[in-house]
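Since the structure comes first, as structure tokens, the remarks are kept for the end.
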Amino acid sequence: MPDTPSSTEVLDVSRAANGAPHDFKRGFRFWIVVLGLGITSLLAALEHTVVVTSAPVILTDLQLRENYIWITNAFFICSAAFQPLLGQLCNIFGRRWIYIAIVATFTLGSGICGGASTGGMLIAGRAVQGVGSGGIIMMNNVIISDLVPLRERGKYTAIVLAIFGIGTSLGPFVGGAIVDSTAWRWVFWINLPIGGTSLLLMFLFLHVNYDREMSFAQKIKRIDFIGNGILMAGTVAIFYALTYAGTLYAWSSWHTLVPLLLGFLGLFLFIGYEVSGFPTEPVVPVRLFAHRTSIIVIINTFLNSTVYYWFLYFLPVYFQAVALYTPFRTGYSLLPLSLFGVPGAAIAAIALSRWGKFMPLHFVGFAITTLGIGLLSTMNEDTSVAVWAVFQSISALGIGIVIDTLLPAFQAPVAETDQAAATAAWSFVRAFGSIWGVAIPAAVFNNRIDGMLDTVSDPEARELLSYGGAYQEASASFVTQFSPDVQAEIRAVYREGLKLVFLVGVAFAGLATLIVLLEREVPLRQELDTQYGLEDNTRKGSNNTAEDMLEVGDAKAEKRVNTQGSREAA
């Protein structure tokens with residue numbers, strides 16, 4: 001008698017046919033892949049912040065002076081500029097080999113940085129790292145989206161982003177510990193064994209479906225070369241302008257205005273080209289922004305990223321130049337970022353999965369962030385450990401609540417077939433915001449410092465602090481080399497510079513809080529519909545449709561008949 005599908009299978013067929021939610025598989029390979037994504041996130045996260053506390057030592061050794069900003073900017077420029085292209089490539093060529101190539105690129109960049117003998121070589125290595133880091137963050141979100149329904153996605157993204165948050169928070173601690181105990185080159189070489197482990201895991205276990213029928217030539221034709229080229233050129237021009245604006249060149253200088261205006265012109269040309277209908281497959285389809293919520297969420301993604309790096313890159317300046325902590329002590333003084341940011345992200349992700357409402361989480365998160373950044377502006381030379389720890393914890397909690405819930409909100413109005421494009425566009429905007437989160441406060445900080453230099457009586461100190469030198473020299477060893485009176489003057493200059501930096505940050509976080517009110521809740525899908533699932537869990541890109549379930553039943557029946565016939569023949 002033929003083996004027909006069981007009642008459970010028939011029920012699953014009916015539910016799938018009606019678009020109702022059904023369980024997704026979470027076998028051994030699923031969890032190994034999630035673990036691999038987490039390890040790779042740690043790899044990318046460390047390099048976002050490991051130079052925060054180690055930068056003064058590296059800059060002194062390689063004598064970068066006003067070019068110090070390129071250590072971070074080269075990383076962030078390439079991280080942002082390549083993400084849309086990498087998102088399109090993973091749609092065309094599949095996730096596996098693109099992901100492995102991205103991790104290998106990052107590991108190569110780490111090796112270049114660790115072996116750098118000149119400032120230029122270090123910057124080149126950071127650029128290579130940036131390509132890999134941006135790709136890792138984007139691809140992690142894409143793969144989670146392939147494996148998990150949207151409603152449940154936050155919980156699994158939280159696992160990966162929790163590891164990312166831990167890595168980001170430990171980065172300053174690791175960097176400070178390394179430069180205090182050994183050569184700064186290990187700040188980068190530490191990534192080599194982590195990268196190797198990640199490559200091995202993903203090579204062995206990341207086997208996912210993709211379109212194997214299309215020829216290589218057909219796949220190449222799908223790439224939006226012109227759109228990607230315009231976007232990259234515009235992004236680089238803007239970031240170049242921001243690198244020196246307010247430090248080496250005034251904001252009104254043609255050195256700043258020309259590349260800045262050309263960059264924004266490039267972005268407008270990119271938008272025009274994408275909507276023109278010329279590209280066969282636009283790298284950023286305009287349909288991603290058809291919903292009001294999508295537009296608000298993408299703006300707030302930019303603002304959240306900006307405020308996060310604002311906080312992350314200038315709080316260590318307070319610890320080292322105002323509180324006079326060592327790099328090592330500065331590193332562990334940033335631990336509240338993990339202790340409150342990571343649990344905040346996890347709680348928000350669970351709440352999103354349970355209730356499916358993202359707007360209240362966004363409002364609460366941004367409001368808490370605004371409060372925390374405002375409190376940071378009140379810190380001075382005598383602020384106690386308990387006080388700055390509470391202020392930092394409040395800021396970290398607010399940022400954590402928001403960070404895991406923005407992507408699902410952006411993906412909600414978008415069709416499942418556009419999830420990779422949506423994730424790449426969202427990741428680009430987040431990376432784009434990160435460079436503004438360094439450049440804007442750097443401009444505010446340097447302008448404020450330059451305006452207060454007449455309060456420093458020592459001419460050598462004034463010279464070293466001018467034209468962007470204050471960030472490079474932000475260390476206890478720099479301040480304490482002067483007489484006590486001059487030390488007090490320098491610390492006061494740093495304090496006032498940071499006060500203005502955090503007050504301007506309040507305006508950015510406050511704006512994000514207000515525009516959350518313009519969002520509109522969109523239901524989060526509870527069914528998984530993807531052609532890129534694990535090969536274990538899906539049959540070459542098919543979803544568990546009625547036809548597939550009946551084929552499973554027929555296959556079982558045929559196998560039973562064949563087995564019975566073999567026994568009778570025996």
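Residues that are in contact with a Lys or Arg (Cβ under 9 Å, 6 or more places away or on another chain) and not in a helix (DSSP H, G or I) within region 468-493 comprise just one, Gly468.
Inside region 191-281, counting only helices (runs of 4 or more DSSP H) that do not spill past its ends, which hold 3 or more residues that are surrounded by 13 or more Cβ atoms within 10 Å (Cβ to Cβ) and within 27 Å of the chain's Cα centre (by Cα)?
Here the list reads 191-205, 225-244, 254-275.
In summary, no helices (runs of 4 or more DSSP H) completely within region 60-139 bear 3 or more residues that are surrounded by fewer than 23 Cβ atoms within 10 Å (Cβ to Cβ) and without any contact (Cβ under 8 Å) to a residue 12 or more places away in the chain. Among the residues of region 404-433, the one identified as crowded, with 23+ Cβ neighbours inside 10 Å, of a type outside the set (Ser, Thr, Tyr), at pLDDT 85 or above and outside any helix (DSSP H, G or I) is Val414. Of Leu200, Leu192, Leu231, all but one fail to be in contact with a Pro (Cβ under 7 Å, 6 or more places away or on another chain), of a type in the set (A, V, I, L, M, F, W, C) and at pLDDT 85 or above; the exception is Leu231. Inside region 351-381, residues that are outside any helix (DSSP H, G or I) and either closer than 14 Å to Lys499 by Cα or of a type in the set (Val, Ile, Thr) (or both) make up a count of 5. Would a scan of region 490-506 turn up a residue that is touching a Phe, Trp or Tyr at 6+ places or on another chain (Cβ under 6 Å), assigned by TED's automatic domain parsing to the domain that holds Ile399 and either closer than 28 Å to Val297 by Cα or among the aromatic types (Phe, Trp, Tyr) (or both)? Yes, some residue in region 490-506 is touching a Phe, Trp or Tyr at 6+ places or on another chain (Cβ under 6 Å), assigned by TED's automatic domain parsing to the domain that holds Ile399 and either closer than 28 Å to Val297 by Cα or among the aromatic types (Phe, Trp, Tyr) (or both).
The values are calculated or read from the model by the stated rules, or taken from the named source; none is laboratory data. What you see is a predicted model; the values in this text were computed from it and never measured. Ideal geometry is used to build each Cβ from the backbone, glycine not excepted, and the neighbour counts take in all protein chains shown.
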